[in-house]
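Report on one structure; see the data block that follows.
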Amino acid sequence: MALDVECDEGADALWLARRGCQVTAVDVSEVASRRAAGVAAADVRDRLAWARADLTVTPPSARAFDLVSVHCFPLRREPEHKALYGLQDAVAPGDTLLFATQPLPDSSAADYYQPDEIAQLLGPAWEIQVNEERARTTPAPAGTHHTRDAVLRARRRS
Ligand SMILES: C[S@@+](CC[C@H](N)C(=O)[O-])C[C@H]1O[C@@H](n2cnc3c(N)ncnc32)[C@H](O)[C@@H]1O
C-alpha cells in the first residue's frame with residue numbers, strides 16, 4: 001500500500017497504480033481530490049483511494065504503508081518536526097520513504113524542509129539509499145525553470 005502525500009490532481013498516484021500499487025492519495029484541497037477522483041481511469045479505479053486531509057494536522061496511520069511518496073510538498077519547518085515525523089511514522093518496517101522536490105532558493109530554504117535535512121533527522125532506524133540533487137531527464141514543465149530535483153529515498157530498518 002502506497003501513500004501519495006499531497007496528491008494534487010493525482011498524477012503520481014495514477015503512475016503508481018498503473019504499476020500495480022494499491023494507493024491512498026491525500027490532499028488538503030477538496031477541489032484537488034475531486035479532480036483527481038474524476039480523472040482516475042477505469043483501469044486502476046479499484047487500486048486508488050482518494051482522501052481529503054491536512055497531513056500537517058492529522059498524520060497518516062502509523063506503520064501502515066510500504067511507500068510514503070512526497071513530491072513537491074512545501075513542508076514548513078517546525079521546531080518539534082511534528083508533521084515530518086508523522087509522515088515518517090507512516091512507513092512500515094522494511095519499507096520506503098521517498099521525498100523529491102525542486103531545490104529551493106535561499107530565500108525559502110530557511111522555512112521549508114529540504115530532503116538533505118530530512119535525511120539528517122531520520123536517525124539510525126533508517127538506511128539512506130539516495131540523497132542527492134540530480135538533473136531532470138525530461139524538459140522543465142511549461143512555464144517553469146525546474147531542471148533539477150533533490151531526492152531522498154530511505155528505508156526504515158526492520
Ligand atoms: C505543488 S502541489 C504537489 C503536487 C504533486 N505531489 C506533484 O508532485 O505534482 C502541492 C499540493 O499539496 C497540497 N497540500 C498543501 N498543504 C497540504 C497539507 N497540509 N496536507 C495535504 N495536502 C496539502 C495542495 O493542495 C496541492 O495540491
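The values are calculated or read from the model by the stated rules, or taken from the named source; none is laboratory data. A quick note: this is a predicted structure, and the numbers were derived from the prediction, not measured. Glycine gets a Cβ as well: all are built from the backbone with ideal geometry, and neighbour counts include every protein chain shown. To get the accessible areas, we keep the full protein, side chains included, count just its heavy atoms, and leave off ligands, DNA and RNA. Shrake-Rupley method; radii C 1.70, N 1.55, O 1.52, S 1.80 Å.
For segment 107-158, the relative contact order works out to 42 percent when only alpha carbon pairs closer than 8 Å and six or more residues apart are counted. Could you please state, rounded to a whole Å, how far the C-alpha centre of segment 1-45 is from the C-alpha centre of segment 96-132? So the two Cα centres are separated by 23 Å. Helices in the chain, meaning DSSP H runs of at least 4 residues, each add -39500 (n - 2.57). Divided by all residues, the mean residue ellipticity at 222 nm is -6500 deg cm²/dmol.
Find out how many positive minus negative residues lie around A109, taking Lys and Arg as positive, Asp and Glu as negative, among other residues whose Cβ is under 11 Å from that of A109. Around A109, the charge tally is -3. Assuming charge only on the beta carbon of Lys and Arg (+1) and of Asp and Glu (-1), the dipole of segment 57-151 about its Cα centre is about 240 debye to the nearest 20. Counting only DSSP beta bridges with both residues in the chain, the antiparallel share comes to about 45 percent. Sorting C7, C72, C21 by accessible area puts them as C72, C21, C7; the probe is 1.4 Å, largest comes first, and only protein heavy atoms count. If you look at the Cα atoms of segment 1-53, you get an Rg and a Dmax of 9.4, 26 Å. Note that the chain presents 55 Å² accessible area per residue, ligands and nucleic acids not counted, probe 1.4 Å. Along the axis of the charge dipole computed for the chain (Cβ charges of +1 for Lys and Arg, -1 for Asp and Glu, origin at the Cα centre), the listed residues T56, G20, H146 are led at the positive end by G20. Among the trypsin sites (Lys or Arg not before Pro) found in segment 45-136, those both in a DSSP coil and sparsely packed, with 16 or fewer other Cβ atoms within 10 Å of their Cβ, are R63, R77, R136. All other residues whose Cβ lies under 15 angstrom from that of D8 are scored, Lys and Arg at +1 and Asp and Glu at -1, for a net of -4. Segment T56..M1, full-extension length gain: 17.7 nm, with 0.36 nm per residue of separation and the alpha-carbon distance subtracted. Taking label points 7 Å from Cα along the Cα-to-Cβ direction, R77 and R136 give a separation of 2.5 nm. Per-residue Karplus couplings for segment 51-60, computed as 6.51 cos²θ - 1.76 cosθ + 1.60 with θ equal to phi - 60°, are listed in order as 9, 9, 6, 8, 6, 7, 10, 10, x, x Hz, Gly and Pro entered as x. Stokes-Einstein diffusion for the chain, with the hydrodynamic radius set to the Kirkwood value over Cα pairs and evaluated at 20 °C in a medium of 1.002 mPa s, equals 133 µm²/s.
Percent of accessible area on the chain owned by carbon and sulfur, 1.4 Å probe? The value for the chain is 51 percent carbon and sulfur by accessible area. For segment 17-90, a simple Cβ point-charge model (Lys and Arg +1, Asp and Glu -1, everything else neutral) yields a dipole of about 200 debye relative to the Cα centre. Once C-alpha pairs closer than 8 Å and six or more residues apart are averaged by separation and normalised to the residue number of segment 21-147, the relative contact order reads 20 percent. With a 1.4 Å probe rolled over the protein heavy atoms of all chains, the accessible area of H145, H71 falls in the order H145, H71, largest first. Electrostatic bookkeeping for D95 treats Lys and Arg as +1 and Asp and Glu as -1; over the other residues with beta carbon under 15 Å from its beta carbon, the sum is +1.
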